[in-house]
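FYI, it's all coordinate maths here, none of it is from the lab. If you're wondering where the values come from, they're calculated on a predicted model, not measured in any experiment. Every residue, glycine as well, gets a Cβ built from its backbone with ideal geometry; the counts of neighbours run over all protein chains shown.
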Amino acid sequence: MGQIDLEAEGIRVRIDLLYGMIPELVVNRDGRTISMLHKAPWLNEKMPADAAPHLGGLAGDFFCAPFGDASADNAPGHGWPANTTWTHLGTERKGGETLARFRLDRKAMGADLVKELRLVDGHPFLYQRHIFTGGQADRMAVANHAMVSLPNGGRLSFSPKRWWETPAVPLETDPARGRSLLASPAKANDPTHFPLAAGGEVDLTQYPFASRHEDFVIGVEADGSPLGWTTVAREKEGDLFVSLRNPARLSMTQLWFSNGGRDYAPWNGRHTGCLGVEEGLNRKMLGVSMNQTPNPLDVAGVPTGLSLTPDGMVDVRHVIGSVPWSGGGVIASVKAVDGGIEAKDADGKSQMVPCDLAFLEV
């Protein structure tokens, strides 16, 4: 199917048209070249017959709709946007910006789906927009599925959360095939003290918190949060991954800890050092709160899924990027400032980064 390269001053992105994967996001800033996205070790290998197509090209970031179980759309896991081809509709370079548009070559939940990728000169960010026209879905799970490469570990920080919780059932339940370590279902207010299935606690903000495991946990944004953000600092490499979203529209940060916990093909215990930072909406994977009556998120008016209607249009917006970063990996705050964002660590060191936050406010 081929690949398309997009560029603006200081940033380059590559998209693979086969599954809409973004395997490369390269930032050139302050004399540094930064590339933080993960690639699976089995690329170009023959996949098992029962594997979802996207696994064969698993790399970087991709869009999922429905996220997780996509049987409602008769699709493989993570839906048709991650498992079938896209057509490049064109690329425009104008006013210091690059904008490319792509169309999914089949419908997703009955909707036409267009992907827009935007780069801005001097901004170390990829602005992503996915536009659904038509379709039929009630609170569908959706997410951008960015994967950060952490061969030497990393430190995670987040905008404030109401709580963190695991699904009703762990990712891996058969010890002959793989291992999940977090208690499921479980819920905690503090990600640095999350319960383990075997007893005790772990710190979810430190990667890795264990070896040979696959785990999934969701953080639900705190009430009134002005900006949803996740950062991943790699101390040895000296860089920082930044993920931004509008918490009023995408209320959940979903973390996939993939560190050698699957022994079956194509994983074969070799998929290590990968952290999925999967920002979106996912009602079905909330193992505790979705079984409470009344539902606390419904009562609070927190979105837990994306609804599509035959005569409607709705979009999903997300921003990812990276910058050089030295020193402490604990980010205390990411806030809007004139012309961008300011990231500040626990020691008070800060960095202003140009960013178009108005993109998220629409």
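Table for the structure above
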{"item": "Mean ellipticity per residue at 222 nm, deg cm²/dmol - from DSSP H runs of n ≥ 4 across the chain, formula -39500 (n - 2.57)", "result": "-500 deg cm²/dmol"}
{"item": "Three principal axis lengths of the chain [C-alpha, angstrom, descending]", "result": "56, 50, 46"}
{"item": "Rg(Cα)/(2.2 N^0.38 Å) for segment 104-194, N = residue count", "result": "1.51"}
{"item": "Segment 269-310, Cα convex hull volume normalised per residue, Å³", "result": "146 Å³"}
{"item": "Mean Cα-pair separation over length for the chain, i.e. relative contact order, pairs under 8 Å, 6 or more apart, %", "result": "17 percent"}
{"item": "Counted charge near Gly261, where neighbours are those whose Cβ lies closer than 15 Å (Asp, Glu -1; Lys, Arg +1)", "result": "0"}
{"item": "Among Asp239, Asp347, Asp215: highest mean-square fluctuation, GNM of the chain, C-alpha pairs under 10 Å", "result": "Asp347"}
{"item": "Stokes-Einstein D for segment 1-155, Kirkwood Rh over Cα pairs, 25 °C, 0.890 mPa s (µm²/s)", "result": "150 µm²/s"}
{"item": "Global geometry of segment 284-362, whether rounded, prolate or oblate, following the gyration tensor of its Cα atoms and the 1.5 cut on a/c", "result": "oblate"}
{"item": "Förster-model FRET efficiency, 41 Å R0, Asn152 and Arg93, C-beta, rounded to 0.05", "result": "0.65"}
{"item": "Ser307-Asp338 FRET efficiency (beta carbon distance; Förster radius 35 Å; 0.05 resolution)", "result": "0.50"}
{"item": "Pairwise label distance in nanometres, Lys107 with Asn44, each label 7 Å out on the Cα-Cβ vector", "result": "3.9 nm"}
{"item": "Top positive-direction residue, dipole computed over the chain with Cβ charges, set Ala343, Gln128, Ala265", "result": "Ala265"}
{"item": "Candidates Val26, Val148, Val202, ranked by Gaussian network fluctuation over the chain, Cα under 10 Å, top entry", "result": "Val202"}
{"item": "Ratio Rg/Rh [Cα only; Rh per Kirkwood] for segment 192-299", "result": "0.99"}
{"item": "For peptides 62-68, 331-337, 288-294, sequence by mean Cβ density within 10 Å, most packed first", "result": "62-68, 331-337, 288-294"}
